[in-house]
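Shown next, in structure tokens, is the structure this report addresses.
We did not get these values from a lab; they are worked out from the coordinates using the rules stated. The structure presented is a predicted model; accordingly, all values stated were derived computationally and were not measured. Here the Cβ positions follow ideal geometry from the backbone for every residue, glycine too, while neighbour counts run over all protein chains shown.
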Amino acid sequence: MTIMNVNAKGVFTGIYYMSATMKKTEESPLQGFQHLPNLLSQPTFGFTIHWSFSDSITVFTGQCFVGDDGKEVLKTMWLLRSHVENIKNDWKATRVGVNVFNRQQLQE
């Protein structure tokens, strides 16, 4: 995942990279909001991914923590909603999970 700059209101955009196979990585847009770091030292945030390769949307919410080693980590929970054709299949359309993201240095 690459998050672009956060604006003065805490709004950000980015790209989420997903590889279902080793052959191809798909890119999907994301948009989110966070409390600004100057207001909270370890801000809460949320973002949504519109998957470009499926009929699903995922929402993430979490918090950015700074560990004792000074490294940032994003701890999240997510809901993925898939399209279903009728209400009888609604029960299997939402999945729940967690992810932990660590900041990586940009590669030149």
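Structure notes:
- Taking Gly97, Gly46, Gly32 in turn, the Gaussian network model of the chain (Cα-Cα springs below 10 Å) assigns the largest fluctuation to Gly97.
- Take every pair of alpha-carbon atoms less than 8 Å apart whose residues are at least six positions apart; their mean separation over the length of the range 1-93 yields a relative contact order of 17 percent.
- The chain, dipole about Cα centre (Lys/Arg Cβ +1, Asp/Glu Cβ -1), debye to the nearest 20: 220 debye
- Two-decimal ratio, the range 2-102, of alpha-carbon radius of gyration to 2.2 N^0.38 Å: 1.21
- For a paramagnetic label modelled on Ser56 (point 7 Å from Cα along Cα→Cβ), amide N atoms under 19 Å away belong, within the range 1-33, to 1-2, 15-31.
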